[in-house]
């Protein structure tokens with residue numbers, strides 16, 4: 001088993017625990033990750049978290065711009081199995097059909113629910129009570145292959161996407177290590193996904209980040225925590241962007257959606273369609289992330305905020 005030749009494909013921090021588990025227990029002969037990116041004002045080149053881990057462990061790294069045509073070096077590694085986790089590109093048939101034990105994927109939802117690139121965000125935003133990890137065979141379509149194993153986790157109101165991300169990453173690592181021996185031994189019974197139950201979790205678009213106070217309090221609460229800490233939700237107050245990272249549900253009666261109803265020690269109460277959402281952690285334009293309590297302490301007259309309205313436009 002230890003001589004099993006594994007090629008791993010992944011890119012973001014979510015993939016790191018999974019790769020760590022494979023390195024500790026198996027022979028990872030190569031890693032495929034997305035090309036390096038230039039970030040910030042200085043346009044400095046930054047390696048993906050998966051590439052950093054691979055280099056630390058002296059594992060060969062490949063970064064095809066288009067894996068559909070740039071896969072020869074991957075096949076030259078003669079992998080017995082290919083494992084992907086949040087890689088970011090569609091894998092061509094030439095790769096899918098090569099390994100003896102197939103290509104499997106670690107996906108952060110209970111498939112067929114939430115296929116796509118943002119299943120953790122959308123599980124919270126859409127108000128799911130539970131989600132989980134699915135180990136599945138890969139095919140040509142996105143996240144549509146036969147299910148090998150799954151593990152569930154409840155989504156508590158105290159979870160944001162960052163917390164759920166970290167919990168699912170560890171579940172993914174452990175479930176994969178538990179499932180791999182059964183795949184190699186041929187003792188699994190894959191289950192086809194029910195296409196009637198399919199939902200999608202497309203990558204977050206900029207317009208989804210703006211807080212819509214015309215929605216219910218619970219929906220706004222889920223949106224804020226579902227986008228925290230990244231990319232974060234935001235609204236406009238006095239013509240300036242305020243990013244919102246945390247909130248709690250209040251009990252004031254609603255007025256005009258977006259209108260500031262009350263100033264608390266811990267936050268700013270804002271009207272929704274059916275009640276009140278209290279913003280408790282924000283990042284005002286040009287300032288650092290802070291508790292709203294600290295933001296209010298910096299105002300000359302915080303009561304002047306009452307009656308003002310958060311808007312959609314700068």
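Annotations
- For the range 156-178, filtered to residues that are touching a strand residue (DSSP E or B) at 6+ places or on another chain (Cβ under 8 Å) and closer than 19 Å to residue 232 by Cβ, the residue that is surrounded by the most Cβ atoms within 10 Å (Cβ to Cβ) is 164.
- Enumeration of residues in the range 12-46 that are in contact (Cβ under 8 Å) with a residue 60 or more places away in the chain and more than 24 Å from residue 100 (Cα to Cα): 12, 13, 14, 16, 17
- Residue count for the range 179-209, restricted to those that are surrounded by fewer than 13 Cβ atoms within 10 Å (Cβ to Cβ) and free of Cβ contacts under 8 Å to residues at least 40 places away in the same chain: 8.
- In the range 138-173, the residues that are at positive phi and under 11 Å from the mean Cα position of the chain (by Cα): none
- Leading residue by the ranking (nearest to the chain's Cα centre (by Cα)) among those in the range 85-108 that are more than 26 Å from residue 120 (Cβ to Cβ) and exposed (fewer than 15 other Cβ atoms within 10 Å of the Cβ): 93
- Residue check, residue 82 surrounded by 18 or more Cβ atoms within 10 Å (Cβ to Cβ) and modelled with pLDDT under 95: no
One line per residue, one yes/no per condition, for (1) on the phi > 0 side of the Ramachandran plot; (2) in a helix (DSSP H, G or I); (3) modelled with pLDDT under 95; (4) touching a strand residue (DSSP E or B) at 6+ places or on another chain (Cβ under 9 Å):
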{"site": "204", "(1), (2), (3), (4)": "no, no, no, no"}
{"site": "219", "(1), (2), (3), (4)": "no, yes, no, no"}
{"site": "225", "(1), (2), (3), (4)": "no, yes, no, yes"}
{"site": "228", "(1), (2), (3), (4)": "no, no, no, yes"}
{"site": "277", "(1), (2), (3), (4)": "no, no, no, yes"}
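- Any hit, the range 258-267, residues being closer than 26 Å to residue 158 by Cβ and touching a residue at least 60 places away in the same chain (Cβ under 8 Å): no
Condition check ((1) within 21 Å of residue 79 (Cα to Cα); (2) loosely packed, with under 15 Cβ neighbours inside 10 Å) across all residues:
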{"position": "8", "(1), (2)": "yes, no"}
{"position": "14", "(1), (2)": "no, no"}
{"position": "19", "(1), (2)": "yes, no"}
{"position": "40", "(1), (2)": "no, yes"}
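- Within the range 272-294, the residues that satisfy the criterion of being touching a helix residue (DSSP H, G or I) at 6+ places or on another chain (Cβ under 9 Å) and either crowded, with 16+ Cβ neighbours inside 10 Å or touching a residue at least 60 places away in the same chain (Cβ under 8 Å) (or both) are 272, 273, 275, 276, 277, 278, 279, 280, 281, 282, 284.
The values are calculated or read from the model by the stated rules, or taken from the named source; none is laboratory data. None of these values were measured; they are calculated from a predicted model. Cβ atoms come from the backbone with ideal geometry, glycine included; neighbour counts cover every protein chain shown.
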